[in-house]
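One structure is given below, encoded as structure tokens.
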Amino acid sequence: MIKKMQTFLTYTLLVILSFISVFPILWMLVSATNTSADILAGRLLPGTAILDNLQKILKMYNLGGAIFNSFRNAAGLTILALIICSMAGYGFEIYRDRAKDTIMRFVLLGMMVPTISIVIPLYKMFASAEMLNTMWACILPTISTPFLIFLFRQNTRAMPREIIQAARIDGLNEIQIYLKMYMPIMRPTYATAMTITFMNAWNAYLWPMIVLLDDDKMTMPVLLSYLMTGYKMDYGAILLCVSYCTLPTIIIFLSLQKFFVNGIAGSVKG
């Protein structure tokens, strides 16, 4: 009887905590279908104003262009970051060198540098290279991060060295080993890195706001910031835009959740 009561209380607590966690997302989606007056009145039921809210956004800004720009920047950054950081993590762990640990320490020190402290030098660098207002200006500063290199390096430690040695004996070069042996084995790590990188790139606000000068280049977080300025805010349109900003990251995370957990657990064990 005591065991059943403990189980009941445990599941009750989990249901309550799950509802508390999911409620803000549900409220956001429901509010996107209501008017500002209904939202301020505390309405918790779906409304019929979703098309009106969408028309207000489309009348003021290029919503489709902002979604395309965000997806293009996030996808491009994710692909390049996975290739570069996985190669770096592979090299730091597989190849033997006395100085690699020292170099890795300096790389990890980069995690302690606040992003805001390098904004001005980065801006001057891209301005002198005439790369402002381009996709590359958004992608290049975060194409390689100390965290992703560390993540791949830690997970590479769990990879059996015998596999690499056997592949070399069979005549495979290093590129073939990386493509045919390393990448399939490290799929959970790639999924983890993909989730983190895509979410960070999709939600990036400060740097795109600085380097993207034209409205047709804006991303979703920048568009959302424009909607939130002014003396009178339309909360229905804002929350509809927030929904568009949130759904892609939710889909990516839920699709790769299993691999994400395995990848993080592997890096901790390593």
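The values are calculated or read from the model by the stated rules, or taken from the named source; none is laboratory data. Just so it is clear, the model here is predicted, and its values are computed rather than measured. Cβ sites come from the backbone with ideal geometry, for glycine too, and all protein chains shown count toward neighbours.
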Check your understanding: For the range 209-218, which residues satisfy the criterion of being touching a residue at least 40 places away in the same chain (Cβ under 8 Å) and either in contact with a Leu (Cβ under 7 Å, 6 or more places away or on another chain) or over 14 Å from ILE67 (Cα atoms) (or both)?
Key -> ILE210, VAL211, LEU212, LEU213, ASP214, MET218
Review point. Can you name the residue in the range 5-51 that is outside any helix (DSSP H, G or I) and not aliphatic (A, V, I, L, M) and, of all such residues, is nearest to the chain's Cα centre (by Cα)?
Key: THR33
**Study point:** Residue list for the range 83-114, filter: exposed (fewer than 12 other Cβ atoms within 10 Å of the Cβ), under 20 Å from the mean Cα position of the chain (by Cα) and β-branched (Val, Ile, Thr)
**Key:** VAL113
Exercise for review: Give me a count of the residues in the range 211-224 that are in a helix (DSSP H, G or I) and surrounded by fewer than 16 Cβ atoms within 10 Å (Cβ to Cβ).
Suggested key: 2
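Does MET233 satisfy the criteria of being closer than 29 Å to GLY64 by Cβ and either crowded, with 20+ Cβ neighbours inside 10 Å or among the hydroxyl-bearing types (Ser, Thr, Tyr) (or both)?
So MET233 does not fit the description; no.
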Revision key, fill the gap. Within the range 34-69, residues among the hydroxyl-bearing types (Ser, Thr, Tyr) and without any contact (Cβ under 8 Å) to a residue 24 or more places away in the chain come out as THR48
Check your understanding: Somewhere in the range 233-243, is a residue of a type in the set (Ser, Thr, Tyr), over 23 Å from ALA75 (Cβ atoms) and in contact with a helix residue (DSSP H, G or I) (Cβ under 7 Å, 6 or more places away or on another chain)?
Key -> yes
Point to revise | Residue, nearest to the chain's Cα centre (by Cα), within the range 181-198, restricted to residues that are of a type in the set (A, V, I, L, M), more than 15 Å from SER144 (Cα to Cα) and part of a helix (DSSP H, G or I) | key: ALA191
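Which count do you get for residues in the range 81-131 that are among the basic types (Lys, Arg) and in a helix (DSSP H, G or I)? If you could, list the steps in order and put the result at the bottom.
Taking the range 81-131 first, the residues among the basic types (Lys, Arg) are 96, 98, 100, 105, 124.
Then keep just the ones that are in a helix (DSSP H, G or I); that gives 100, 105, 124.
Adding up the residues that qualify gives 3.
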Review point. So which of MET194, MET159 ends up being at pLDDT 90 or above and in contact with a helix residue (DSSP H, G or I) (Cβ under 7 Å, 6 or more places away or on another chain)?
Key: MET194
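Would you mind finding the one in ALA129, ALA191 that is crowded, with 18+ Cβ neighbours inside 10 Å and either over 27 Å from PHE68 (Cα atoms) or of a type in the set (A, V, I, L, M) (or both)? It would help to see each step written out before you state the result.
Working: ALA129 fails: crowded, with 18+ Cβ neighbours inside 10 Å.
So the residue among ALA129, ALA191 that is crowded, with 18+ Cβ neighbours inside 10 Å and either over 27 Å from PHE68 (Cα atoms) or of a type in the set (A, V, I, L, M) (or both) is ALA191.
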Check your understanding: When the range 132-171 is examined, which residues are found to be surrounded by 20 or more Cβ atoms within 10 Å (Cβ to Cβ) and part of a loop (DSSP other than H, G, I, E, B)?
Key -> THR145
Review point. If we scan the range 107-129, do we find a residue that is among the β-branched types (Val, Ile, Thr) and farther than 20 Å from TRP207 by Cβ?
Key: yes
Practice item. Sort out which residues of the range 246-261 are surrounded by 13 or more Cβ atoms within 10 Å (Cβ to Cβ) and either touching a residue at least 60 places away in the same chain (Cβ under 8 Å) or within 12 Å of the chain's Cα centre (by Cα) (or both), and write them in order of number. Key: THR246, PRO248, THR249, ILE252, PHE253, LEU256, PHE259, PHE260
Study note, to complete from the structure: Exactly one of ARG72, ARG43 is out of contact with any Gly (no Cβ under 9 Å at 6 or more places or on another chain) and either loosely packed, with under 13 Cβ neighbours inside 10 Å or at pLDDT 90 or above (or both), and that one is ARG72
Revision key, fill the gap. Considering residues that are over 22 Å from SER86 (Cα atoms) and of a type in the set (Phe, Trp, Tyr), the number found within the range 121-159 is 2
